[in-house]
Amino acid sequence: MGDSATFEFVVGHANYWLFSVLMMTGLYVVVARGNLVKKIVGLNMFQTSVFMLYISMGRVDGGTAPIFPVDMEIDPAVIYSNPLPHVLILTAIVVGIATTALGLSLIIRIREEFGTIEEDDILVAERILAAEDDKAHGEAMGGRT
Amino acid sequence: MRHHLILRVVTKLLVGCIILFAFYVQFHGDFSPGGGFQAGVIMAVAFILYGIVFGLRKVQAVFPPWVVHKMVALGVLIYAGTGVVSLFLGYGFLDYGAFAPHHPSHGQHYGILAVEFGVGVTVTGVMVAIYYAFAARPARLSDEEW
Amino acid sequence: MLVVTALAIVRLRNLFAVAMLSGVFSLLSALLFVAMDAVDVAFTEAAVGAGISTVLVLGTLALTSRVEKPASHSPLLPLFVVFVTGAVLIYGTLDMPNFGSADAPAMTHVAPDYLKRTPEEIDVPNVVTAILASYRGYDTMGETAVVFTAGIGVLLLMSGLRRRREDDDDDDDDADADAQGAEEEGGVY
């Protein structure tokens, strides 16, 4: 493989690598951070990088946005980008915000029940609750705990 | 935000423009970027801005929650209803040729308008409903803590 | 720019700043969408990501707390997972066609067909709208239904519960509504 071919390969794939890096940043936030709001933000970053990956696949060199002139006199020499990924992602963004809102409202309910939005504290609180339940159950069954 | 005079005046000017722009995006969506999803979001932003600046009670006087909740369902009904109407006219589900049998591309125009309108109504309803649900909770942080 | 913003989101512990930076992230990605010819998508991303989503995150912060606690675990295991996944993803991209190539598989099947048929059959200048509402009308109906379901889920989770709990301290009521909310959530995915 010659130098110019390698250069072309790197330039042609740099976009995918950029999106992979962004995606992994989002994944890291989701996995490593305990705060639930931060997890949602990380999830949004992950989502946006997937959107960018799709849109970049629909791009054509020298192309333009897939909107014809208003008088519909189409110049066959003009190249249009692929409209299909645009459609898919357009709807996905709005669905994404709706599901994000659902996640945030779950967080608010969790905060009301547990008084915290840190994952570790929630686990501790749940363990305490489970232990209390066990104890109450054991006493009801005759004192064996 | 009772004391922010500039915010209140600018908001009053902006809300009308935002709603007008939302309608433009909604009904001009076949010719330029835009459509039901974007128009719904922009329309919701107008009400959310009004709610943030003037308070939840004022915006709910303009746009009561029961209307919002009806809109959430109405949009999906309009969308599905378009399909059912085309079914009854003897075409396939969501086949817009049904609306102008002698001029199929005009039928497509009508169908796309109806469907986009449905999408816009649902998205507006859902976004405003979500905002109402979030804003109706008593805040834990006071304004100074920000 | 995007990567810098993303890294700042990882590092910062002040959630208010994180919310603002996620708005910045959305706006930058909208710019990127414009550069890649996807004007409709950029429009949506700017309105949704930088507008509504920031408002919602801020609303959540007002109801919860503003500062994140320092992480208690070591970041090594997540880092390892992330690097391995990233390496696999990048290995996967080596087979992808070059950015902007016109003979990529994504360009050769239905896309030229849509571009050719839209002027004849639908006669609408914006091809994205034509595909969205007509060729893929079923898809869009499903998406609308998903938005609807998510909205209902939020309403079930957030509205009315507090008032009812103050009326009587019965926990059953609460649990019932929670179960309904969980059902709705199941429907979304």
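The values are calculated or read from the model by the stated rules, or taken from the named source; none is laboratory data. Predicted model only: the values in this text are computed from it and were never measured. All Cβ positions, even for glycine, are placed from backbone atoms using ideal geometry, and neighbour counts span all protein chains on display. Each accessible area value is taken on the protein alone, full model and side chains, heavy atoms only, with ligands, DNA and RNA left out. Shrake-Rupley method; radii C 1.70, N 1.55, O 1.52, S 1.80 Å.
Remark: relative contact order (the range B:21-134) = 34 percent; criterion is Cα-Cα distance under 8 angstrom and separation of 6 or more residues. Cα gyration tensor of the protein assembly as shown, axes a ≥ b ≥ c as square roots of the eigenvalues: rounded (a/c below 1.5), prolate (a/b > b/c) or oblate? Oblate shape, in that a/c is at least 1.5 and b/c is the bigger or equal ratio. Rolling a 1.4 Å probe over the protein chains gives residue B:58 an accessible area of about 100 Å². Taking every residue in A:35-47 and counting other chain Cβ atoms within 10 Å of its Cβ, the average works out to 5.
Chain A contacts chain C over a buried accessible area of about 7700 Å², both sides summed; the probe is 1.4 Å and only protein chains count. For chain B, take the longest principal axis of its alpha carbons; what is the angle in degrees between that and the long axis of helix B:36-54, to the nearest 10 within 0 to 90? Between the helix axis and the principal axis of chain B, the angle is about 20 degrees. Once R0 is set to 56 Å, what does the formula 1/(1 + (r/R0)^6) return for the Cβ-Cβ distance between residue C:71 and residue C:116, expressed as a FRET efficiency to the nearest 0.05? Efficiency, rounded to the nearest 0.05: 0.55.
For the pair residue A:139 and residue A:70, the difference between a 0.36 nm per residue extended length and the Cα-Cα distance amounts to 17.0 nm.
Note that the protein assembly as shown presents 48 Å² accessible area per residue, ligands and nucleic acids not counted, probe 1.4 Å.
What separates the Cα centres of the range B:49-113 and the range B:26-40 is a distance of 13 Å. Taking 21 Å as the straight-line reach from the Cα of residue A:38, the lysines in range (excluding those fewer than 8 positions away in the same chain) are C:69. Partners of residue B:12 within straight-line reach, counting lysines whose Cα lies under 23 Å from its Cα and excluding those fewer than 8 residues away in the same chain: B:58. Relative to the dominant Cα principal axis of chain A, helix A:119-140 is inclined by about 30°. Residue by residue along B:100-106, Cβ atoms of other protein chains within 10 Å of the local Cβ number 2 on average. Inter-chain neighbour count for B:13-25: the average number of beta-carbon atoms from partner chains within 10 Å of each residue's beta-carbon is 0.
Structure remark: mean-square fluctuation, Gaussian network model of chain B, C-alpha springs under 10 Å; the largest value among B:123, B:62, B:76 belongs to B:62.
The stretch between residue B:89 and residue B:110, if pulled fully straight at 0.36 nm per residue, gains 6.1 nm over its current Cα-Cα span. Of the solvent-accessible surface of chain A, computed with a 1.4 Å probe over protein heavy atoms with every protein chain present, carbon and sulfur atoms account for 62 percent.
When the alpha-carbon atoms of the range C:1-67 are used, the pair Rg, Dmax equals 12.7, 40 angstrom. Using the Cα gyration tensor of chain B, with a ≥ b ≥ c the square roots of its eigenvalues, what is the shape: rounded (a/c below 1.5), prolate (a/b larger than b/c) or oblate (neither)? Since a/c reaches 1.5 and a/b is larger than b/c, the shape of chain B is classed as prolate.
Quick check: from the Cα gyration tensor, does the range A:3-114 come out rounded (a/c under 1.5), prolate or oblate? The shape class here is oblate.
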